[in-house]
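This report concerns only the one structure given below.
Readers should treat all values here as calculations from the given coordinates under stated rules, not as data from a laboratory. Quick caveat: nothing in here was measured; it's all calculated off a predicted structure. Reconstructed Cβ throughout: ideal geometry from the backbone, glycine too, with neighbour counts over all protein chains shown.
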Amino acid sequence: MLGNLESNYDCANAGDDLHQLKQELEALRGRQAEDKESQETINRLENQISFILNKCDINH
């Protein structure tokens, strides 16, 4: 998982970062973990993906 994403995020890293975040998200979903900590991690990953898509104006 990436650290805190800031408004000065470098979109040059978006391709690699999105790939990594999506892999982490799918792995976590694949384990079907439904405890509170896992759900918070899923939410954080989804938020990071959305942030990068919006910040870098990437159509998904």
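What the table shows:
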{"quantity": "Crossing angle, helix 36-55 versus the chain [Cα axis fit, 0-90 degrees, rounded to tens]", "calculated": "20 degrees"}
{"quantity": "Label-point separation in nm, residue 55 to residue 16, each point 7 Å along Cα→Cβ", "calculated": "1.5 nm"}
{"quantity": "Förster radius 30 Å - calculated FRET efficiency between residue 36 and residue 8, Cβ distance, rounded to 0.05", "calculated": "0.45"}
{"quantity": "Loop-located trypsin sites (Lys or Arg not before Pro) in the chain, at most 13 other Cβ atoms within 10 Å (DSSP)", "calculated": "31"}
{"quantity": "Relative contact order [Cα under 8 Å, 6+ residues apart], the chain, whole percent", "calculated": "43 percent"}
{"quantity": "Structure-derived log10 I(q)/I(0) by the Debye sum over Cα atoms at q = 0.12, 0.18 Å⁻¹ - corresponding label in (i) -0.29, -0.61; (ii) -0.22, -0.51; (iii) -0.36, -0.65", "calculated": "(i)"}
